[in-house]
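This report refers to the structure that appears directly beneath it.
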Amino acid sequence: MDGIVSILALAVMMCLCSFTDLSVILAPVQNCSAIRRSALIPAVPVLICAGSFLTAGGSGAAGIDAAGVAIICLGALGAVAAGRLISAYRPSLWAFTGAAAGYSLFRNGDPGGVKDWLLAAIVSLALAALTAALLCRAISLICRHSRKHRLILVRNLGICTSVAAALMLVCAGANISLIRGSFPLAADGRSGVALALAAGTLAALPFLGRSIGSLGERQFDLNYDVILATVCSVAVVCALFSSDAAAGCVGCKATVMSPGLLAFAALGGCSAVKRQEYMSGAEAARLALSGIGVPLTALVLTCLTLMLIYGAGNLSPVRVMVLAVALLALMSGTVIYTLYSRSRHSGQALRDQEEQINENRHTLNSLEVKNMTIENEHLRNQLELKRQELLSVAMNITEQKEFIGRLNGMVKQARLLSDPAEKDRALHEISAQLSLRMNFDNEIDRFYTQVEQLHKDFTVRLQEKFPQLTGGERRLTTLLRLGFSTKYIAALMNIAPKSAEICRHRLRSKFGLDRKQSLTDFIKSI
(Lines give C-alpha, C1' and ligand atoms only; values in the text may rest on other atoms or scores of the structure.)
Protein backbone atom coordinates (compact mmCIF):
# COMPACT_ATOMS: atom_id res chain seq x y z
CA MET A 1 0.00 0.00 0.00
CA ASP A 2 2.80 2.41 0.92
CA GLY A 3 4.57 1.72 -2.38
CA ILE A 4 1.42 2.40 -4.43
CA VAL A 5 0.78 5.66 -2.61
CA SER A 6 4.40 6.66 -3.17
CA ILE A 7 4.20 5.93 -6.87
CA LEU A 8 1.01 7.98 -7.15
CA ALA A 9 2.65 10.82 -5.22
CA LEU A 10 5.67 10.78 -7.53
CA ALA A 11 3.36 10.76 -10.56
CA VAL A 12 1.52 13.82 -9.23
CA MET A 13 4.84 15.52 -8.56
CA MET A 14 6.10 14.80 -12.08
CA CYS A 15 2.85 15.98 -13.65
CA LEU A 16 3.12 19.26 -11.77
CA CYS A 17 6.81 19.50 -12.64
CA SER A 18 6.00 19.15 -16.34
CA PHE A 19 3.86 22.29 -16.25
CA THR A 20 6.46 24.34 -14.36
CA ASP A 21 10.09 23.23 -14.49
CA LEU A 22 10.10 21.30 -17.77
CA SER A 23 7.87 23.70 -19.70
CA VAL A 24 10.07 26.65 -18.70
CA ILE A 25 13.28 25.04 -19.94
CA LEU A 26 11.73 23.49 -23.07
CA ALA A 27 9.90 26.65 -24.17
CA PRO A 28 12.97 28.44 -25.59
CA VAL A 29 14.13 25.21 -27.24
CA GLN A 30 10.85 24.84 -29.09
CA ASN A 31 10.62 28.58 -29.77
CA CYS A 32 13.90 28.56 -31.70
CA SER A 33 12.58 25.64 -33.78
CA ALA A 34 15.57 23.52 -32.82
CA ILE A 35 13.15 20.65 -32.20
CA ARG A 36 9.70 20.31 -33.65
CA ARG A 37 6.96 20.10 -31.05
CA SER A 38 5.63 16.90 -32.63
CA ALA A 39 8.99 15.23 -31.91
CA LEU A 40 9.83 17.08 -28.69
CA ILE A 41 6.72 16.29 -26.63
CA PRO A 42 6.66 12.47 -27.07
CA ALA A 43 10.40 12.28 -26.32
CA VAL A 44 10.09 13.94 -22.88
CA PRO A 45 8.76 10.94 -20.88
CA VAL A 46 11.13 8.54 -22.65
CA LEU A 47 14.23 10.59 -21.85
CA ILE A 48 13.08 11.32 -18.27
CA CYS A 49 12.41 7.61 -17.71
CA ALA A 50 15.80 6.66 -19.18
CA GLY A 51 17.58 9.15 -16.95
CA SER A 52 15.86 7.82 -13.82
CA PHE A 53 17.80 4.55 -14.18
CA LEU A 54 21.16 6.33 -14.09
CA THR A 55 21.07 7.43 -10.43
CA ALA A 56 22.86 4.88 -8.26
CA GLY A 57 21.90 3.61 -4.81
CA GLY A 58 19.27 4.58 -2.37
CA SER A 59 16.00 3.00 -1.42
CA GLY A 60 13.00 4.66 0.07
CA ALA A 61 13.30 6.53 3.34
CA ALA A 62 12.63 4.44 6.40
CA GLY A 63 9.79 5.25 8.74
CA ILE A 64 7.55 7.01 6.22
CA ASP A 65 4.17 5.42 5.70
CA ALA A 66 1.37 6.23 3.28
CA ALA A 67 0.03 8.91 5.61
CA GLY A 68 3.44 10.60 5.66
CA VAL A 69 3.60 10.56 1.88
CA ALA A 70 0.14 12.13 1.73
CA ILE A 71 1.18 14.83 4.21
CA ILE A 72 4.29 15.60 2.13
CA CYS A 73 2.16 15.91 -1.01
CA LEU A 74 -0.35 18.16 0.72
CA GLY A 75 2.39 20.43 2.04
CA ALA A 76 4.03 20.65 -1.40
CA LEU A 77 0.77 21.32 -3.23
CA GLY A 78 -0.26 23.93 -0.69
CA ALA A 79 3.08 25.70 -1.10
CA VAL A 80 2.78 25.64 -4.90
CA ALA A 81 -0.74 27.08 -4.67
CA ALA A 82 0.43 29.79 -2.28
CA GLY A 83 3.37 30.59 -4.56
CA ARG A 84 0.89 31.64 -7.24
CA LEU A 85 0.49 34.86 -5.28
CA ILE A 86 4.15 35.67 -5.86
CA SER A 87 4.93 34.54 -9.39
CA ALA A 88 3.40 32.63 -12.28
CA TYR A 89 6.34 30.21 -12.02
CA ARG A 90 6.66 27.98 -8.95
CA PRO A 91 9.51 25.45 -8.37
CA SER A 92 7.32 22.39 -7.76
CA LEU A 93 10.28 20.03 -7.34
CA TRP A 94 11.72 22.16 -4.57
CA ALA A 95 8.28 22.29 -2.98
CA PHE A 96 8.33 18.49 -2.65
CA THR A 97 11.91 18.44 -1.34
CA GLY A 98 11.02 21.18 1.14
CA ALA A 99 8.00 19.20 2.33
CA ALA A 100 10.15 16.06 2.67
CA ALA A 101 12.75 18.06 4.63
CA GLY A 102 9.97 19.29 6.92
CA TYR A 103 8.83 15.72 7.53
CA SER A 104 12.40 14.67 8.35
CA LEU A 105 12.85 17.69 10.61
CA PHE A 106 9.69 16.90 12.53
CA ARG A 107 10.45 13.20 12.90
CA ASN A 108 14.19 13.39 13.59
CA GLY A 109 14.56 16.94 14.91
CA ASP A 110 17.72 17.37 12.83
CA PRO A 111 17.93 20.57 10.73
CA GLY A 112 21.08 19.36 8.95
CA GLY A 113 19.11 18.25 5.88
CA VAL A 114 17.59 21.71 5.51
CA LYS A 115 21.03 23.31 5.74
CA ASP A 116 22.41 20.95 3.10
CA TRP A 117 19.50 21.73 0.80
CA LEU A 118 19.91 25.51 1.20
CA LEU A 119 23.65 25.23 0.47
CA ALA A 120 23.01 23.08 -2.60
CA ALA A 121 20.33 25.49 -3.85
CA ILE A 122 22.61 28.53 -3.58
CA VAL A 123 25.60 26.77 -5.12
CA SER A 124 23.55 25.27 -7.97
CA LEU A 125 22.01 28.59 -8.99
CA ALA A 126 25.36 30.36 -8.89
CA LEU A 127 26.98 27.51 -10.83
CA ALA A 128 24.22 27.59 -13.47
CA ALA A 129 24.68 31.35 -13.97
CA LEU A 130 28.48 31.04 -14.19
CA THR A 131 28.40 28.05 -16.55
CA ALA A 132 25.87 29.72 -18.83
CA ALA A 133 27.90 32.93 -18.93
CA LEU A 134 31.08 31.07 -19.93
CA LEU A 135 29.29 28.94 -22.52
CA CYS A 136 27.46 31.92 -23.98
CA ARG A 137 30.73 33.83 -24.30
CA ALA A 138 32.47 30.87 -25.92
CA ILE A 139 29.63 30.23 -28.39
CA SER A 140 29.48 33.91 -29.33
CA LEU A 141 33.22 33.98 -30.01
CA ILE A 142 33.04 30.82 -32.10
CA CYS A 143 30.18 32.20 -34.18
CA ARG A 144 31.90 35.57 -34.56
CA HIS A 145 35.14 34.07 -35.90
CA SER A 146 33.47 31.41 -38.02
CA ARG A 147 33.63 31.83 -41.77
CA LYS A 148 30.43 29.89 -42.38
CA HIS A 149 27.29 31.53 -43.64
CA ARG A 150 24.86 32.82 -41.04
CA LEU A 151 22.15 30.36 -42.09
CA ILE A 152 24.56 27.43 -41.71
CA LEU A 153 25.57 28.67 -38.25
CA VAL A 154 21.92 28.90 -37.21
CA ARG A 155 21.27 25.38 -38.45
CA ASN A 156 24.30 24.02 -36.60
CA LEU A 157 23.28 25.81 -33.40
CA GLY A 158 19.80 24.33 -33.76
CA ILE A 159 21.23 20.81 -34.06
CA CYS A 160 23.48 21.36 -31.03
CA THR A 161 20.50 22.69 -29.06
CA SER A 162 18.47 19.58 -29.96
CA VAL A 163 21.22 17.28 -28.71
CA ALA A 164 21.75 19.39 -25.58
CA ALA A 165 18.01 19.36 -24.83
CA ALA A 166 17.91 15.56 -25.06
CA LEU A 167 20.91 15.25 -22.71
CA MET A 168 19.36 17.80 -20.37
CA LEU A 169 16.17 15.72 -20.09
CA VAL A 170 18.21 12.60 -19.32
CA CYS A 171 20.22 14.45 -16.65
CA ALA A 172 17.02 15.96 -15.23
CA GLY A 173 15.46 12.49 -15.03
CA ALA A 174 18.51 11.19 -13.20
CA ASN A 175 18.40 14.10 -10.78
CA ILE A 176 14.64 13.99 -10.20
CA SER A 177 14.82 10.28 -9.36
CA LEU A 178 16.76 11.25 -6.21
CA ILE A 179 13.34 11.99 -4.76
CA ARG A 180 13.09 8.24 -4.08
CA GLY A 181 15.03 8.91 -0.90
CA SER A 182 11.97 10.70 0.48
CA PHE A 183 9.41 7.98 -0.23
CA PRO A 184 9.02 4.36 0.99
CA LEU A 185 9.75 2.45 -2.19
CA ALA A 186 11.29 -0.98 -2.56
CA ALA A 187 15.01 -1.41 -2.10
CA ASP A 188 15.40 -1.65 -5.87
CA GLY A 189 12.99 1.22 -6.40
CA ARG A 190 14.37 2.39 -9.76
CA SER A 191 11.59 0.69 -11.72
CA GLY A 192 8.96 2.20 -9.43
CA VAL A 193 10.47 5.67 -9.76
CA ALA A 194 10.76 5.33 -13.54
CA LEU A 195 7.15 4.19 -13.76
CA ALA A 196 5.95 7.07 -11.59
CA LEU A 197 7.93 9.72 -13.49
CA ALA A 198 6.84 8.37 -16.87
CA ALA A 199 3.20 8.18 -15.77
CA GLY A 200 3.24 11.76 -14.46
CA THR A 201 4.85 13.11 -17.61
CA LEU A 202 2.44 11.18 -19.85
CA ALA A 203 -0.50 12.57 -17.90
CA ALA A 204 0.75 16.10 -18.58
CA LEU A 205 1.54 15.58 -22.28
CA PRO A 206 -1.86 16.73 -23.65
CA PHE A 207 -1.31 20.13 -22.02
CA LEU A 208 2.49 20.34 -22.00
CA GLY A 209 2.73 21.38 -25.66
CA ARG A 210 0.23 24.18 -25.13
CA SER A 211 2.09 25.37 -22.03
CA ILE A 212 5.43 25.32 -23.89
CA GLY A 213 3.98 27.27 -26.82
CA SER A 214 2.36 29.84 -24.53
CA LEU A 215 5.58 30.44 -22.59
CA GLY A 216 7.59 30.66 -25.81
CA GLU A 217 5.31 33.34 -27.24
CA ARG A 218 5.08 35.44 -24.06
CA GLN A 219 8.48 35.21 -22.40
CA PHE A 220 11.23 33.77 -24.54
CA ASP A 221 12.61 35.78 -27.42
CA LEU A 222 16.23 34.65 -27.22
CA ASN A 223 19.14 34.14 -29.55
CA TYR A 224 20.34 30.68 -30.46
CA ASP A 225 23.60 31.02 -28.51
CA VAL A 226 21.73 32.04 -25.34
CA ILE A 227 19.32 29.10 -25.65
CA LEU A 228 22.15 26.62 -26.21
CA ALA A 229 24.15 27.98 -23.27
CA THR A 230 21.08 27.86 -21.01
CA VAL A 231 20.19 24.26 -21.88
CA CYS A 232 23.79 23.08 -21.51
CA SER A 233 24.22 24.76 -18.12
CA VAL A 234 21.01 23.16 -16.80
CA ALA A 235 22.21 19.75 -18.01
CA VAL A 236 25.61 20.22 -16.35
CA VAL A 237 24.18 21.28 -12.99
CA CYS A 238 21.57 18.49 -12.96
CA ALA A 239 24.26 15.92 -13.75
CA LEU A 240 26.61 17.35 -11.12
CA PHE A 241 24.04 17.15 -8.31
CA SER A 242 22.82 13.67 -9.25
CA SER A 243 25.48 11.89 -7.20
CA ASP A 244 27.27 12.58 -3.93
CA ALA A 245 30.67 12.03 -5.55
CA ALA A 246 30.14 14.73 -8.18
CA ALA A 247 28.35 17.15 -5.85
CA GLY A 248 31.14 16.74 -3.30
CA CYS A 249 33.46 18.57 -5.71
CA VAL A 250 31.60 21.77 -4.84
CA GLY A 251 31.11 20.93 -1.19
CA CYS A 252 27.51 19.77 -1.48
CA LYS A 253 25.45 16.60 -1.47
CA ALA A 254 23.29 15.11 -4.20
CA THR A 255 20.10 17.18 -4.23
CA VAL A 256 16.99 17.39 -6.38
CA MET A 257 17.32 20.47 -8.60
CA SER A 258 14.66 22.71 -10.15
CA PRO A 259 15.38 22.92 -13.92
CA GLY A 260 13.14 25.95 -14.24
CA LEU A 261 14.99 28.03 -11.64
CA LEU A 262 18.31 26.82 -13.04
CA ALA A 263 17.17 28.06 -16.47
CA PHE A 264 16.32 31.49 -15.08
CA ALA A 265 19.67 31.65 -13.27
CA ALA A 266 21.45 30.67 -16.49
CA LEU A 267 19.51 33.34 -18.33
CA GLY A 268 20.79 35.87 -15.82
CA GLY A 269 24.37 34.78 -16.54
CA CYS A 270 23.82 35.13 -20.29
CA SER A 271 22.28 38.55 -19.70
CA ALA A 272 25.44 39.70 -17.93
CA VAL A 273 27.63 38.50 -20.81
CA LYS A 274 25.44 39.81 -23.62
CA ARG A 275 24.69 43.04 -21.71
CA GLN A 276 21.06 42.62 -22.62
CA GLU A 277 18.15 42.51 -20.21
CA TYR A 278 16.10 39.33 -20.72
CA MET A 279 13.90 39.95 -17.67
CA SER A 280 13.06 42.98 -15.56
CA GLY A 281 14.34 43.52 -12.05
CA ALA A 282 10.86 43.09 -10.59
CA GLU A 283 10.43 39.78 -12.38
CA ALA A 284 13.81 38.55 -11.15
CA ALA A 285 12.86 39.55 -7.59
CA ARG A 286 9.59 37.61 -7.84
CA LEU A 287 11.43 34.55 -9.13
CA ALA A 288 13.96 34.72 -6.29
CA LEU A 289 11.18 35.12 -3.72
CA SER A 290 9.30 32.21 -5.27
CA GLY A 291 12.42 30.00 -5.29
CA ILE A 292 12.98 30.65 -1.58
CA GLY A 293 9.40 31.01 -0.38
CA VAL A 294 7.79 27.96 -2.02
CA PRO A 295 10.06 25.26 -0.49
CA LEU A 296 10.16 27.08 2.84
CA THR A 297 6.36 27.29 2.84
CA ALA A 298 6.17 23.58 2.03
CA LEU A 299 8.53 22.80 4.94
CA VAL A 300 6.55 24.88 7.42
CA LEU A 301 3.17 23.63 6.22
CA THR A 302 4.32 20.01 6.52
CA CYS A 303 5.68 20.54 10.04
CA LEU A 304 2.51 22.31 11.19
CA THR A 305 0.32 19.60 9.65
CA LEU A 306 2.32 16.93 11.46
CA MET A 307 2.05 18.86 14.72
CA LEU A 308 -1.71 19.10 14.34
CA ILE A 309 -1.96 15.36 13.69
CA TYR A 310 0.74 13.88 15.95
CA GLY A 311 1.41 16.67 18.43
CA ALA A 312 4.74 18.37 19.04
CA GLY A 313 6.66 15.09 18.61
CA ASN A 314 10.41 15.45 18.87
CA LEU A 315 10.41 19.20 18.25
CA SER A 316 11.17 21.46 21.17
CA PRO A 317 8.71 24.26 22.03
CA VAL A 318 11.26 26.79 20.83
CA ARG A 319 11.42 25.17 17.39
CA VAL A 320 7.64 24.93 17.25
CA MET A 321 7.45 28.66 18.02
CA VAL A 322 10.11 29.43 15.42
CA LEU A 323 8.24 27.44 12.76
CA ALA A 324 4.97 29.17 13.61
CA VAL A 325 6.57 32.61 13.51
CA ALA A 326 8.35 31.76 10.25
CA LEU A 327 5.13 30.62 8.63
CA LEU A 328 3.26 33.68 9.89
CA ALA A 329 6.02 35.99 8.66
CA LEU A 330 6.17 34.24 5.31
CA MET A 331 2.42 34.38 4.80
CA SER A 332 2.26 38.01 5.94
CA GLY A 333 5.13 38.98 3.69
CA THR A 334 3.53 37.18 0.77
CA VAL A 335 0.20 38.91 1.33
CA ILE A 336 1.82 42.33 1.78
CA TYR A 337 4.03 41.88 -1.28
CA THR A 338 1.08 40.65 -3.34
CA LEU A 339 -1.13 43.58 -2.31
CA TYR A 340 1.70 46.04 -2.95
CA SER A 341 2.49 44.47 -6.30
CA ARG A 342 -1.15 44.48 -7.36
CA SER A 343 -1.66 48.08 -6.28
CA ARG A 344 1.50 49.14 -8.05
CA HIS A 345 0.55 47.22 -11.16
CA SER A 346 -2.99 48.59 -11.08
CA GLY A 347 -1.63 52.13 -10.67
CA GLN A 348 0.83 51.55 -13.48
CA ALA A 349 -1.95 50.08 -15.60
CA LEU A 350 -4.09 53.17 -14.98
CA ARG A 351 -1.19 55.45 -15.87
CA ASP A 352 -0.50 53.42 -18.99
CA GLN A 353 -4.17 53.57 -19.88
CA GLU A 354 -4.26 57.33 -19.42
CA GLU A 355 -1.12 57.71 -21.51
CA GLN A 356 -2.65 55.51 -24.17
CA ILE A 357 -5.85 57.54 -24.13
CA ASN A 358 -3.90 60.80 -24.40
CA GLU A 359 -1.79 59.36 -27.18
CA ASN A 360 -4.89 58.16 -29.02
CA ARG A 361 -6.52 61.55 -28.55
CA HIS A 362 -3.40 63.28 -29.86
CA THR A 363 -3.30 60.88 -32.79
CA LEU A 364 -6.98 61.50 -33.56
CA ASN A 365 -6.44 65.25 -33.39
CA SER A 366 -3.48 64.97 -35.72
CA LEU A 367 -5.50 62.83 -38.12
CA GLU A 368 -8.39 65.29 -38.02
CA VAL A 369 -6.06 68.20 -38.73
CA LYS A 370 -4.41 66.23 -41.50
CA ASN A 371 -7.75 65.26 -43.01
CA MET A 372 -8.95 68.85 -42.83
CA THR A 373 -5.75 70.01 -44.48
CA ILE A 374 -6.12 67.41 -47.23
CA GLU A 375 -9.77 68.29 -47.72
CA ASN A 376 -9.00 72.03 -47.90
CA GLU A 377 -6.22 71.35 -50.36
CA HIS A 378 -8.60 69.26 -52.45
CA LEU A 379 -11.21 72.03 -52.40
CA ARG A 380 -8.60 74.59 -53.41
CA ASN A 381 -7.54 72.36 -56.28
CA GLN A 382 -11.14 71.93 -57.36
CA LEU A 383 -11.71 75.68 -57.23
CA GLU A 384 -8.57 76.28 -59.22
CA LEU A 385 -9.66 73.76 -61.83
CA LYS A 386 -13.08 75.36 -62.07
CA ARG A 387 -11.49 78.80 -62.38
CA GLN A 388 -9.19 77.56 -65.12
CA GLU A 389 -12.15 75.93 -66.82
CA LEU A 390 -14.16 79.18 -66.71
CA LEU A 391 -11.19 81.14 -68.05
CA SER A 392 -10.78 78.58 -70.82
CA VAL A 393 -14.46 78.82 -71.72
CA ALA A 394 -14.33 82.63 -71.68
CA MET A 395 -11.22 82.68 -73.86
CA ASN A 396 -12.77 80.14 -76.19
CA ILE A 397 -15.91 82.25 -76.56
CA THR A 398 -13.83 85.34 -77.25
CA GLU A 399 -11.72 83.50 -79.78
CA GLN A 400 -14.78 82.03 -81.48
CA LYS A 401 -16.40 85.49 -81.75
CA GLU A 402 -13.21 86.96 -83.21
CA PHE A 403 -12.94 84.10 -85.72
CA ILE A 404 -16.58 84.38 -86.75
CA GLY A 405 -16.18 88.15 -87.11
CA ARG A 406 -13.11 87.76 -89.34
CA LEU A 407 -14.87 85.08 -91.38
CA ASN A 408 -17.95 87.29 -91.82
CA GLY A 409 -15.76 90.12 -93.08
CA MET A 410 -14.03 87.80 -95.58
CA VAL A 411 -17.44 86.62 -96.87
CA LYS A 412 -18.62 90.21 -97.34
CA GLN A 413 -15.45 91.10 -99.26
CA ALA A 414 -15.83 88.00 -101.43
CA ARG A 415 -19.42 88.97 -102.35
CA LEU A 416 -18.20 92.37 -103.55
CA LEU A 417 -15.63 90.89 -105.93
CA SER A 418 -16.68 90.80 -109.61
CA ASP A 419 -13.69 88.93 -111.03
CA PRO A 420 -14.42 85.19 -110.90
CA ALA A 421 -10.78 84.34 -110.34
CA GLU A 422 -10.51 86.74 -107.42
CA LYS A 423 -13.78 85.42 -105.97
CA ASP A 424 -12.56 81.81 -106.25
CA ARG A 425 -9.34 82.78 -104.53
CA ALA A 426 -11.29 84.46 -101.71
CA LEU A 427 -13.61 81.47 -101.31
CA HIS A 428 -10.63 79.10 -101.28
CA GLU A 429 -9.06 81.12 -98.46
CA ILE A 430 -12.33 81.05 -96.52
CA SER A 431 -12.47 77.25 -96.99
CA ALA A 432 -8.86 76.91 -95.80
CA GLN A 433 -9.65 78.93 -92.68
CA LEU A 434 -12.65 76.71 -91.94
CA SER A 435 -10.57 73.54 -92.44
CA LEU A 436 -7.95 74.78 -90.03
CA ARG A 437 -10.65 75.67 -87.57
CA MET A 438 -12.06 72.15 -87.66
CA ASN A 439 -8.75 70.79 -86.25
CA PHE A 440 -9.37 70.84 -82.47
CA ASP A 441 -6.08 69.26 -81.35
CA ASN A 442 -5.32 71.93 -78.78
CA GLU A 443 -8.84 71.86 -77.38
CA ILE A 444 -8.81 68.06 -77.21
CA ASP A 445 -5.45 68.09 -75.41
CA ARG A 446 -6.81 70.55 -72.88
CA PHE A 447 -9.87 68.35 -72.48
CA TYR A 448 -7.77 65.25 -71.71
CA THR A 449 -5.59 67.23 -69.32
CA GLN A 450 -8.59 68.41 -67.32
CA VAL A 451 -10.08 64.91 -67.30
CA GLU A 452 -6.84 63.39 -65.98
CA GLN A 453 -6.65 66.02 -63.25
CA LEU A 454 -10.24 65.41 -62.18
CA HIS A 455 -9.84 61.62 -62.26
CA LYS A 456 -6.24 61.36 -61.10
CA ASP A 457 -6.91 58.42 -58.73
CA PHE A 458 -8.48 56.38 -61.52
CA THR A 459 -5.54 57.11 -63.82
CA VAL A 460 -3.05 55.98 -61.18
CA ARG A 461 -4.97 52.76 -60.44
CA LEU A 462 -5.27 52.01 -64.14
CA GLN A 463 -1.53 52.48 -64.63
CA GLU A 464 -0.70 50.21 -61.66
CA LYS A 465 -3.07 47.38 -62.64
CA PHE A 466 -2.56 47.51 -66.41
CA PRO A 467 0.86 49.01 -67.21
CA GLN A 468 0.78 47.41 -70.67
CA LEU A 469 -1.86 49.83 -71.96
CA THR A 470 -0.79 52.46 -74.48
CA GLY A 471 -1.58 56.15 -74.16
CA GLY A 472 -4.45 55.94 -76.67
CA GLU A 473 -5.92 52.93 -74.85
CA ARG A 474 -5.77 54.77 -71.54
CA ARG A 475 -7.61 57.73 -73.14
CA LEU A 476 -10.22 55.35 -74.56
CA THR A 477 -10.67 53.80 -71.09
CA THR A 478 -11.18 57.24 -69.56
CA LEU A 479 -13.77 58.20 -72.19
CA LEU A 480 -15.65 54.92 -71.64
CA ARG A 481 -15.64 55.52 -67.90
CA LEU A 482 -17.19 58.97 -68.52
CA GLY A 483 -19.98 57.29 -70.52
CA PHE A 484 -19.23 58.63 -74.04
CA SER A 485 -20.76 56.76 -76.97
CA THR A 486 -18.76 55.32 -79.85
CA LYS A 487 -19.73 58.28 -82.08
CA TYR A 488 -18.38 60.88 -79.66
CA ILE A 489 -15.32 58.79 -78.87
CA ALA A 490 -14.47 58.60 -82.58
CA ALA A 491 -14.85 62.36 -82.89
CA LEU A 492 -12.71 63.09 -79.85
CA MET A 493 -10.01 60.63 -80.90
CA ASN A 494 -10.18 61.81 -84.55
CA ILE A 495 -10.78 58.26 -85.85
CA ALA A 496 -13.58 56.50 -87.67
CA PRO A 497 -16.40 54.88 -85.66
CA LYS A 498 -15.37 51.45 -86.96
CA SER A 499 -11.82 52.06 -85.72
CA ALA A 500 -13.27 52.99 -82.33
CA GLU A 501 -15.07 49.63 -82.21
CA ILE A 502 -11.82 47.82 -83.04
CA CYS A 503 -10.07 49.71 -80.23
CA ARG A 504 -12.82 48.66 -77.82
CA HIS A 505 -12.32 45.00 -78.84
CA ARG A 506 -8.55 45.22 -78.30
CA LEU A 507 -9.09 46.86 -74.92
CA ARG A 508 -11.46 44.04 -73.91
CA SER A 509 -8.79 41.49 -74.85
CA LYS A 510 -6.12 43.24 -72.77
CA PHE A 511 -8.47 43.31 -69.78
CA GLY A 512 -9.10 39.59 -70.22
CA LEU A 513 -12.90 39.93 -70.45
CA ASP A 514 -15.22 37.42 -72.04
CA ARG A 515 -18.24 38.24 -74.18
CA LYS A 516 -20.68 38.19 -71.27
CA GLN A 517 -18.84 40.83 -69.28
CA SER A 518 -19.55 44.52 -69.79
CA LEU A 519 -16.48 46.57 -70.66
CA THR A 520 -17.95 49.78 -69.21
CA ASP A 521 -18.96 48.13 -65.93
CA PHE A 522 -15.50 46.59 -65.58
CA ILE A 523 -13.82 49.97 -66.18
CA LYS A 524 -16.03 51.63 -63.58
CA SER A 525 -15.05 48.94 -61.04
CA ILE A 526 -11.32 49.70 -61.34
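The values are calculated or read from the model by the stated rules, or taken from the named source; none is laboratory data. It should be emphasised that the depicted structure is a prediction, and the values quoted were computed from it without experimental measurement. Note: ideal-geometry Cβ built from the backbone for every residue, glycine included; neighbour counts use all protein chains shown. What goes into the accessible areas is simple: the full protein's heavy atoms, side chains included, and nothing from ligands, DNA or RNA. Shrake-Rupley method; radii C 1.70, N 1.55, O 1.52, S 1.80 Å.
The set of residues in the range 242-278 being open to solvent by 40 Å² or more (accessible area, probe 1.4 Å) and free of Cβ contacts under 8 Å to residues at least 24 places away in the same chain consists of Asp244, Ala245, Gly248, Cys249, Arg275, Gln276, Glu277. Please go through the range 412-422 and give me each residue that is within 16 Å of Ala432 (Cβ to Cβ) and open to solvent by 60 Å² or more (accessible area, probe 1.4 Å), ordered by number. Answer for the range 412-422, where residues must be within 16 Å of Ala432 (Cβ to Cβ) and open to solvent by 60 Å² or more (accessible area, probe 1.4 Å): Gln413, Glu422.
Checking every residue in the range 191-211 against the condition of being over 30 Å from Ser104 (Cα atoms), of a type in the set (Phe, Trp, Tyr) and modelled with pLDDT of 75 or more gives zero matches.
The set of residues in the range 87-104 being hydrophobic (A, V, I, L, M, F, W, C), under 31 Å from the mean Cα position of the chain (by Cα) and open to solvent by 10 Å² or more (accessible area, probe 1.4 Å) consists of Ala88 alone. Taken as a whole, the range 49-72 holds at least one residue that is open to solvent by less than 10 Å² (accessible area, probe 1.4 Å), at pLDDT 75 or above and under 30 Å from Val154 (Cβ atoms).
Taking the criterion of being surrounded by fewer than 17 Cβ atoms within 10 Å (Cβ to Cβ), among the β-branched types (Val, Ile, Thr) and either within 30 Å of Leu304 (Cβ to Cβ) or in contact with a Phe, Trp or Tyr (Cβ under 7 Å, 6 or more places away or on another chain) (or both), would at least one residue in the range 111-133 satisfy it? Checked against the condition, which is being surrounded by fewer than 17 Cβ atoms within 10 Å (Cβ to Cβ), among the β-branched types (Val, Ile, Thr) and either within 30 Å of Leu304 (Cβ to Cβ) or in contact with a Phe, Trp or Tyr (Cβ under 7 Å, 6 or more places away or on another chain) (or both), the range 111-133 yields at least one hit. Where helices (runs of 4 or more DSSP H) fall wholly inside the range 447-526, the ranges with 1 or more residues that are open to solvent by 50 Å² or more (accessible area, probe 1.4 Å), without any contact (Cβ under 8 Å) to a residue 24 or more places away in the chain and closer than 30 Å to Gln388 by Cα are 456-465, 471-481, 486-493. Scanning the range 134-145 for residues that are over 30 Å from Gly251 (Cβ atoms) and open to solvent by less than 40 Å² (accessible area, probe 1.4 Å) yields Ser140, Cys143.
Among residues belonging to the range 360-384 that are under 33 Å from the mean Cα position of the chain (by Cα) and open to solvent by less than 80 Å² (accessible area, probe 1.4 Å), point out the one that is farthest from Thr449 (Cα to Cα). Here the residue is Asn360.
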